[in-house]
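Where a number appears in this text, it was derived from the coordinates with a stated rule and is not lab data. Since the structure is predicted, the reported quantities are computational estimates derived from the model, not experimental observations. Cβ placement follows ideal geometry from the backbone for every residue including glycine, while neighbour counts extend to all protein chains displayed.
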Amino acid sequence: MYGLSTPHFNPWEIIKVFLGACECLEDDGIFIIDEVDRRYGIFLTRGYQHLLAEGDEDKFVLSFHSGYDMLKGTFSRTHFNPIFPKKGVTMELFFWGLAEIGAFTFLFFKDVDFVNLDGTRHFILGYGPRRMLKSKDFRGPFLFRKNK
């Protein structure tokens, strides 16, 4: 799972990602997750920003805090391209730390390891899927199904 993509999955959704990985891998397979500690980087190093210019001087978008979902633990951020300001895109993001992703990995895999890539970026390695749950049996909790 390359490209620092875990923020696009809240804790309830990432369970499905791990279940899918376990079903695709051989018994001695390895699941590799490319990750940084967002909670440390966002909340302790820079501080959470309600308004943020993301990118560089030539290409950037403006993102605004636009909500928080306590049941999912997600922050909503609405992104605007200054060239097309009326076409904002809202995304729900979960700011994972390395510890949570490592712990989730260990729930679904027999062993876990961290490989430091450059000081802040890591590969989290999950060795040997446990296969205790099947994705076909996971419908998610009632609180998310009751309004469908």
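Reported to the nearest whole Å, the Cα centre-to-centre distance from segment 108-146 to segment 12-51 is 8. Multiplying the residue separation of Asp58 and Lys146 by 0.36 nm and removing their Cα-Cα distance gives an extension gain of 27.1 nm.
In order along segment 15-20, the Karplus-derived 3J(HN,Hα) couplings, from 6.51 cos²θ - 1.76 cosθ + 1.60 at θ = phi - 60°, round to 4, 5, 4, 5, 4, x Hz, and Gly and Pro are given as x. The Cβ shell under 14 Å around Val17 holds other residues with a net charge of -4, Lys and Arg each +1, Asp and Glu each -1. Between (i) 24, 16, 13; (ii) 22, 19, 17; (iii) 30, 21, 13, which entry matches semi-axes √(5λ) of the Cα gyration tensor in Å as derived from the coordinates of this structure? Derived directly from the coordinates: (iii). Here's how it looks for Thr74: its modeled amide H is under 5 Å from those of Asp69, which are all 5 or more places away or on a different chain. Since only Phe94, Met70, Ala53 are under comparison, the one whose Cα sits farthest along the positive direction of the charge dipole of segment 39-135, derived from C-beta charges on Lys, Arg, Asp and Glu, is Met70. Other residues lying with their Cβ under 12 Å from the Cβ of Lys110 contribute a combined charge of -2, Lys and Arg counting +1, Asp and Glu -1. Applying both filters, DSSP loop and at most 11 other Cβ atoms within 10 Å, to the GluC sites (Glu not before Pro) of segment 31-69 gives Glu57.
Of the chymotrypsin sites (Phe, Trp or Tyr not before Pro) in segment 11-114, the ones in a loop by DSSP (not H, G, I, E or B) with at most 13 other beta carbons within 10 Å are Tyr48.
Once the C-beta distance of Asp28 and Asp118 is scaled by a Förster radius of 22 Å, the resulting FRET efficiency is 0.20 to the nearest 0.05. Which one of His65, His50, His79 has the biggest mean-square fluctuation once the chain is modelled by GNM with Cα springs under 10 Å? Of His65, His50, His79, the Gaussian network model singles out His50 as fluctuating most.
Residues with amide H under 5 Å of Leu133's amide H, sequence separation 5 or more or different chain, H placed in the peptide plane at 1.01 Å from N; which? The answer is none. Helical runs assigned H by DSSP (4 residues or longer) give the chain a calculated mean residue ellipticity at 222 nm of -5500 deg cm²/dmol, each run adding -39500 (n - 2.57) before division by the residue total.
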